[in-house]
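Derivation of every value follows stated rules applied to the coordinates shown; laboratory data play no part. Owing to the predicted nature of the structure, the values given are computational and were not obtained by experimental measurement. FYI the Cβ positions are ideal-geometry reconstructions off the backbone, even for glycines, and counts take in every protein chain you see.
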Amino acid sequence: MEDNRLTWFECPHLPRELATEAVTDCEGVGAVLRAQGVLVSRLLPARYDGFRVMVRDAQTGAMVGASEWYLNPASGTYHMHPGTLWSACDYGCHGHHQGDVDGTAMAA
């Protein structure tokens, strides 16, 4: 961290793509972000300041959601930053699942 900016990099402790999940509605993106964030928080060593989970459309690769997590130094556990969970649905862009019951998203 320099000048109050974070440096983001791919983590050598985790695979680039964590999972492929079926997402059929806007709430599904948030659910995937929470679930995968909790999973990462349990797998990632507590030596990083935080991490970001991004959800991409499996067909186009377009980012359709993200959340950021931080390390609480007092407890040594990761927590989601309040207000950082977002979805393309927040901006009226929800074509990644419209009419596609078999739609998928990748948590990266």
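If I model a spin label as a point 7 Å beyond the Cα along the Cα-Cβ vector, how far apart are those points for A35 and A19 in nm?
Roughly 0.4 nm, to one decimal.
Which ³J(HN,Hα) values, rounded to whole Hz and listed in residue order, are derived for the stretch 40-50 from phi using the Karplus coefficients 6.51, -1.76 and 1.60 in 6.51 cos²θ - 1.76 cosθ + 1.60 with θ = phi - 60°, glycine and proline given as x?
For the stretch 40-50, the Karplus-derived couplings read 4, 4, 8, 8, 7, x, 7, 10, 9, 5, x Hz, x marking Gly and Pro.
Normalised by the residues of the stretch 26-89, what does the relative contact order come to in percent, with Cα pairs under 8 Å and at least six apart?
33
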